[in-house]
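The values are calculated or read from the model by the stated rules, or taken from the named source; none is laboratory data. What you see is a predicted model; the values in this text were computed from it and never measured. Every residue, glycine among them, receives a Cβ derived from its backbone with ideal geometry; neighbour counts consider all protein chains shown. Remember, those area values only see protein heavy atoms, side chains included, never the ligands or the DNA or RNA. Shrake-Rupley method; radii C 1.70, N 1.55, O 1.52, S 1.80 Å.
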Amino acid sequence: AKMQKEEESKGQNVKVVLRCRPMTKSEASQEKQSLRCTSDKTVDVMYGKAGKKSFTFDGTFDESTSQKDMYDNVVRPVVDEVLQGYNCTVFAYGQTGTGKTYTMEGGIDKASGTTIPPSAGVVPRAVAQVFKHLEENEVEYQVRISVVELYNEELSDLIASSDTEAGMLRKLRLLEDPKKGVVLQGVEERPVTCAADIFSILECTNRQRKTAETLCNKQSSRSHSIFTLKIFMKEKMVDEEEIIKTGLLNLVDLAGSECVGRSGAQGDRKKEAGQINQSLLTL
């Protein structure tokens, strides 16, 4: 059974898991329980009198799942692969108001170099895991980070922008390199030496991210955020030869898809919703 499981996992590059958030007070008062996790891989969606439909994922997590359990089961193995020298991406995708930013960031403002609060999401936990591994293994390393925002089809460098005057965002361009593929021209990759450095930078970049209130979400993300962690590790082989191993981790908090009629979006909010839905459809 173990060998069969290992064979099945080979070549499977994409996994999709579903996380169900708790109901809001208004939803609970109207008894709008329309989704139930029936196993660790299936979920039932209720359609009232129309009955129900079941969907299968690589994993499902109900509303009682803690941030730690979510991370340990889904993201920790991915970060382990990054530390082995692979390139990996984790992103949160879903409707507006479903808890994507909470899952990805959580209590990032309360995180420090040594303390990870229970509410902390994927980003602070991944950062802590990376530096704990590097320090425990006593390898020579270098870590660089970048934070990019995609808003209304425009790319901005949030790290570089946090060093400029308030409201002045440094725009970026996508270029195609014959050797590297698609690259972001001029994006700043800032060197960091510890988890506390990253938390301090993210505190500044998060203030620059576009958010607004809608009927579905009091603090709705109106942009896609891409946090990238590059890790360079120098290791010695048995024959004393030195090699440099490079791992890359992208953590993406996507803006939520939304129905304009339900979210009450008008004016700029309506334009944002159109761009958000278009980019998510493309993805």
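A few comments on the model shown:
- When each of K132/K245; K100/K271; K15/K171; K15/K100; K25/K100 is checked by Cα-Cα distance, pairs over 28 Å: K15/K171
- When H224, H133 are compared by accessible surface with a 1.4 Å probe, the order from highest to lowest is H133, H224.
- Applying a DSSP loop filter and a limit of 15 other Cβ atoms within 10 Å to the trypsin sites (Lys or Arg not before Pro) in the range 116-180 leaves K179, K180.
- With a cut-off of 20 Å on the backbone N, the residues of the range 183-206 near the modelled label site 7 Å out from T115 along Cα-Cβ are 194-204.
- Cα→Cβ-extended label distance, 7 Å offset, between A196 and K245, nm: 2.8
- Whole-percent carbon and sulfur share, accessible surface of the range 59-201, 1.4 Å: 48
- For L175 and F91, the FRET efficiency from 1/(1 + (r/R0)^6), where r spans their Cβ atoms and R0 equals 35 Å, is about 0.95.
- Theoretical gain in end-to-end length, E136 to V17 [0.36 nm per residue, Cα-Cα removed]: 39.8 nm
- Chain lengthening between T56 and E235 when straightened (0.36 nm per residue, less Cα-Cα): 60.3 nm
- Over the range 22-73, accessible surface divided per residue gives 72 Å², non-protein components excluded, 1.4 Å probe.
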